[in-house]
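A quick write-up on the structure given underneath.
The values are calculated or read from the model by the stated rules, or taken from the named source; none is laboratory data. In this text, all values refer to a predicted model and were calculated from it rather than measured experimentally. Neighbour counts run over all protein chains shown; Cβ positions are idealised from the backbone, glycine included.
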Amino acid sequence: MAVAHDTPLLSIRGLSKAFGPVQAVNNVNLDIYSGEVVGLVGDNAAGKSTFLSLLTGYNQRDAGEIFYKGEPKQVASPRASRNLLKIEMVYQNLSLAPDLTVWQNMFLGEEKTKGRWFNNRSAMIADADRVLSELNARARASDLVGTLSGGEQQLVAIGRALLFDRELIIMDEPTAAISVAKISDVLKLILQLKERGKSVILVSHRLEDILTVADRIVVFSHGAVKTILTNQNLDITDLVKEMFEPRGAAK
Ligand SMILES: Nc1ncnc2c1ncn2[C@@H]1O[C@H](COP(=O)(O)OP(=O)(O)OP(=O)(O)O)[C@@H](O)[C@H]1O
């Protein structure tokens, strides 16, 4: 269970976004606390990806506010999301460059420099190796990402979050790109992040994964938060009901 805190890590108030006539996100209010895993579920086109794109700065909101530890923040770009909201997004396709090494991927766009002109290669390699060993990864900093398994690539993507002290890791279908045997490793990793006090938003069509790790489950429908469930004594049938039955019909 998430521990109650006075100030949420993120407070989202009245967040809305339309694409032409489609109200993709409609007046969403949500608090996310440090050290909690929030599952995000909903039917296709419920607005989950658009909602996340407003948090990660890939789309701009039409209305609403996002507070980081109580302070309102303008999230005008993905860089602002990383720096001001401390969010790291781990995409389904992992968005890694296969021809670059692990350390180059981890520091891509955020290289450590030595003086004004030079990248501090040895410091980046050392930092990458430190984070990899914290995550019990087999991969080393100088391995080419394209040679790693899906599960190890996932660790590289998550390593970035630890390297730059991100507070909220958003994982979009993290178990889609890996073998069934590795799914429990990813779920363990999510719980490991939680133990370190990180928050995780997990989007997955695998409801059993959500039920295994989430503290709370946010059900989206037609761009809005339909309900927020505490993950206690819930099973897949309860969740499916909440996702697909009209408002008021699910018990
Ligand atoms: N760039 C865009 N331009 C126009 N419409 C969009 C755009 N992005 C999303 N939409 C629309 O917004 C609505 C919400 O889509 P969104 O992808 O956020 O839902 P989702 O819950 O993530 O769905 P899924 O689980 O299928 O990925 C849909 O009707 C979608 O067609």
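Overview of results
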item: Answer from 88, 71 - the residue that is closer than 15 Å to residue 110 by Cβ, away from the ligand (no atom under 13 Å from the Cβ) and out of contact with any Gly (no Cβ under 8 Å at 6 or more places or on another chain); result: 88
item: Residue in segment 109-118 that is within 14 Å of the ligand (Cβ to nearest atom) and either buried (at least 21 other Cβ atoms within 10 Å of the Cβ) or not in a loop (DSSP other than H, G, I, E, B) (or both) present; result: no
item: Any hit, segment 85-101, residues being touching a Phe, Trp or Tyr at 6+ places or on another chain (Cβ under 6 Å), at pLDDT 95 or above and aliphatic (A, V, I, L, M); result: yes
item: Flag for residue 122 being part of a helix (DSSP H, G or I), under 25 Å from residue 188 (Cα atoms), over 15 Å from the mean Cα position of the chain (by Cα) and hydroxyl-bearing (Ser, Thr, Tyr); result: no
item: Leading residue by the ranking (farthest from residue 204 (Cα to Cα)) among those in segment 66-115 that are in contact with a strand residue (DSSP E or B) (Cβ under 6 Å, 6 or more places away or on another chain) and of a type in the set (Asp, Glu); result: 111
item: Filter result for residue 115 (of a type outside the set (Lys, Arg), under 21 Å from the mean Cα position of the chain (by Cα) and not assigned by TED's automatic domain parsing to the domain that holds residue 44); result: no
item: Residue count, segment 63-81 (criterion: surrounded by 15 or more Cβ atoms within 10 Å (Cβ to Cβ) and closer than 30 Å to residue 245 by Cα); result: 2
item: Single residue of segment 193-225 satisfying the filter (surrounded by fewer than 22 Cβ atoms within 10 Å (Cβ to Cβ) and among the basic types (Lys, Arg)) that is nearest to the ligand (Cβ to nearest atom); result: 206
item: Qualifying residue in segment 93-105 (condition: exposed (fewer than 13 other Cβ atoms within 10 Å of the Cβ), within 16 Å of the ligand (Cβ to nearest atom) and more than 23 Å from residue 224 (Cβ to Cβ)); result: yes
item: Enumeration of residues in segment 25-49 that are outside any loop (DSSP other than H, G, I, E, B), near the ligand (Cβ under 8 Å from one of its atoms) and either among the charged types (D, E, K, R) or surrounded by 22 or more Cβ atoms within 10 Å (Cβ to Cβ) (or both); result: 25, 42, 48
item: Residue in segment 52-62 that is loosely packed, with under 15 Cβ neighbours inside 10 Å and either modelled with pLDDT under 95 or of a type in the set (A, V, I, L, M) (or both) present; result: no
item: Residue in segment 77-86 that is assigned to a strand (DSSP E or B) and under 18 Å from the mean Cα position of the chain (by Cα) present; result: no
item: Yes/no for residue 52 being within 10 Å of the ligand (Cβ to nearest atom) and closer than 20 Å to residue 164 by Cβ; result: yes
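Matching residues to (1) of a type in the set (A, V, I, L, M, F, W, C); (2) under 30 Å from residue 233 (Cβ atoms):
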{"site": "6", "(1), (2)": "no, yes"}
{"site": "17", "(1), (2)": "no, no"}
{"site": "20", "(1), (2)": "no, no"}
{"site": "39", "(1), (2)": "no, yes"}
{"site": "72", "(1), (2)": "no, no"}
{"site": "81", "(1), (2)": "no, no"}
{"site": "97", "(1), (2)": "yes, no"}
